[in-house]
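The values are calculated or read from the model by the stated rules, or taken from the named source; none is laboratory data. Note that the coordinates shown come from a computational prediction; the quantities given were computed from them, not determined experimentally. No Cβ is skipped: glycine too gets one built from the backbone with ideal geometry, and neighbour counts run over all protein chains shown. For accessibility, only protein heavy atoms count, side chains too; no ligands or nucleic acids. Shrake-Rupley method; radii C 1.70, N 1.55, O 1.52, S 1.80 Å.
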Amino acid sequence: MLEFKQGVDILSAIGGITTIGEAKKLFEERLDPEHLQRLAAITNEAALLKIANAMAMCVPDRIYIHTGSDEDRDYVRRMSLEKGEEQSLAIPGHTIHFDLPEDQGRMVDQTFYIADPAEEVSSLAKKEAREVSHAYIKEHMCGIMRGKTMYVGFYSRGPVGARASIPAIEISSSNYVMHSAELLYRNCYTDFDAEVIRRGEFFTNVHSEGTNRSEDVPKARIYMDRSWQTTFSFFCTYAGNTLLMKKGNHRFATDSAMYKHNGEELSEHMFITGMTGPGGRVTYFAGAAPSGCGKTTTAMVGSNFIGDDLAQMWIEADGSLRAVNPEIGIFGIIEDVNQEGDPYLMHCLRRPGAEVIFSNVLVDPQGKPRWTGDGEPPPEQGVNFKGAWTPATAGVPMSHPNSRCTLTAETIGNHNKRVNADPKGVVIKVITYSGRDANTMPPIWVAKNMDAGVAIGASIVSKATAAEIGASGVNRQPWANSPFVAAPLAEYLEAQFNFYGNPKMSQKPIMAGLNYFLTHEERGGSGKGLLGEKQDVHVWLGWLELFTHGEVQAIETPIGLIPKYEDLHQLFTNRIDKEYPESLYIMQFSLYIDNIIARIDLQEAAWSKEPGTSLRLLFAVYKEQKAGLLALKAAKGRIVPPGELAA
Ligand code: OXD
Ligand code: MN
């Protein structure tokens, strides 16, 4: 259980401003008349105290209140170029930003939850005692903005007025961070006060790149003060470490869903996308996948793409599960993005029209950004995150595997801007969970009931990717959200059961697992190649779309329901005009019973270490599945092809 507003409020303790009178006096002393007037539009006292304390702590030379106007956006962009945080590329509106070589992903070892003595955090997270963090922040953030401008922006994490939207303040001395904030979030300067009243909370983020030198990166920290809903980040620029309105505030939104709206809301690491089905109907999906596991590509498959990373969900009075995207843009991994797999995105990345920040890719001498897997012949030379590069540069890839593109979603061809702006949200009919799993689960399996659906989310395992510095091996990734869940996992599990099991949710979604990462060698073939292609996702989602509407039947197995060959064959033909041999179907959908049981045992052992009453429901699902699998093995052997399941 998390208690809010407990322990020392570090930002105000360091800033030392405790009354609104002191805050206003500081504003008058330090803001120029124009920005003083801009700030006068914000009247929420708690927000003004946060801003005053950030000023008092960081001691910037100048303060810039970002109203979200075109002039302000242009100014922030221009200054980013002038300061050298970004450089122009050949296509107008396209820029490149490099993070330091040591700052190319989320620094998990330097990221901490600030915790009070009795406060428990997830077994997969790192915590630090409040007084230790307090001293460290004081040592490194006091005066960190001397000689710099402090930018202050007001944003809404979701359409203004939506039930699960939460306002946030982003404070940073980095123009690149503020430029990214404007591409990814809705500036709500004029609505901020009203939104704080409506929601009853807001988040605050304070960042400075400081000296921005490699030798200072070991001192970098990313702190989340959950109790005071405030983040601190310094000596880094990678947006996953610095633009904490994204993953820092996603962590706070998860706390808010669990401890302020338990059973009514969830905050998920999920894309939201709409698939068009027969008769032109649009069915909305929300899907979880760990960072770097194809979440953006999956989202882009939709005819009505809404968002690729986060979902704020709630149960509406009509019994439906609704979701809004807290973002309006994408900060997507660019490796392997190419014309064949990602035509909409490539249009924005290769033609004029969209404003794009490329980060940590290679730039060739003509000012063209290049990345591994872009589908073009490799360049002869260029500059990347480590400096000058040629194909002979040993040990350095052309582009960092976690290099990114940042752009507003409205420039992407299949984005539905109207729907993404609608505070009513979309009705989610399908929930998916996936991970990088080479050898165990089939491409699709549908949970038989809500508890089994929660168990799919609780049981994701995935191979580490470049989004997290230093991560390796195959790890548990419950709901693909565990890097962002501060709470003890059993409490999070309980919140999931409470949400999907809530009788108010009369229109239950379909819950399914997805896996695109089976390899030939693990399924009786040879070579490490994947059993399928990126474009097959159209078929997997297409089948789920039909299944949700009762238009295809499924084969029942102990782990859930799987598609029939004939239906997939037809979808492969109709959706992507591709031959789908039955032999491939058999490789993909055979049940490898020993692998699945080993996975269940591993999950059971890991979850047994998490004390909590909700485990009972999870273990009941595992028990039933395991009994079914053992009976099947006794009857049909270790590997059961789908044809034998149907019989
Ligand atoms: C992201 C991540 O950047 O999850 O979305 O790392
Ligand atoms: Mn993510």
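Numbers at a glance
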{"read-out": "Cα coordinate range in the chain, projected on the principal axes (Å, largest first)", "value": "80, 58, 46"}
{"read-out": "Cα pair distances of the stretch 87-131 binned at 10 Å [whole percent]", "value": "21, 28, 21, 16, 12, 1"}
{"read-out": "Where Rh is the Kirkwood radius over Cα pairs, Rg/Rh for the stretch 386-492", "value": "1.05"}
{"read-out": "For the stretch 103-174, alpha-carbon Rg over 2.2 N^0.38 Å", "value": "1.44"}
{"read-out": "Average accessible surface area per residue within the chain, 1.4 Å rolling probe, Å²", "value": "36"}
{"read-out": "For the stretch 116-201: relative contact order, % (alpha-carbon pairs under 8 angstrom, 6 or more apart)", "value": "26"}
{"read-out": "Rg/Rh ratio calculated on Cα atoms of the stretch 1-137 (Kirkwood radius)", "value": "1.04"}
{"read-out": "Relative contact order of the stretch 326-409, defined on C-alpha pairs under 8 angstrom at six or more residues apart (%)", "value": "44"}
{"read-out": "Estimated Rh, the stretch 206-303: Kirkwood, alpha-carbon pairs, angstrom", "value": "16.0"}
{"read-out": "Among Gln588, Phe572, Cys188 the positive-end extreme of the charge dipole of the chain (Cβ point charges)", "value": "Gln588"}
{"read-out": "Volume in Å³ per residue [convex hull over Cα atoms, computed for the stretch 464-575]", "value": "173"}
{"read-out": "Helix-derived mean residue ellipticity, 222 nm - over the chain, DSSP H n ≥ 4, -39500 (n - 2.57), to 500", "value": "-9500 deg cm²/dmol"}
{"read-out": "Two-decimal Rg/Rh across the stretch 97-216, once Rg and the Kirkwood Rh are taken from alpha-carbon atoms", "value": "0.99"}
{"read-out": "Apportionment of accessible area to carbon and sulfur, the chain, percent (1.4 Å)", "value": "53"}
{"read-out": "Evaluated at q = 0.24, 0.27, 0.29, 0.33 Å⁻¹: base-10 log I(q)/I(0), Debye formula over Cα of the stretch 203-243", "value": "-0.73, -0.86, -0.95, -1.11"}
{"read-out": "Accessible area, probe 1.4 Å, largest first, for residues Tyr516, Tyr500", "value": "Tyr516, Tyr500"}
{"read-out": "Mean separation of Cα contacts under 8 Å (6+ apart) over length of the chain, as relative contact order %", "value": "13"}
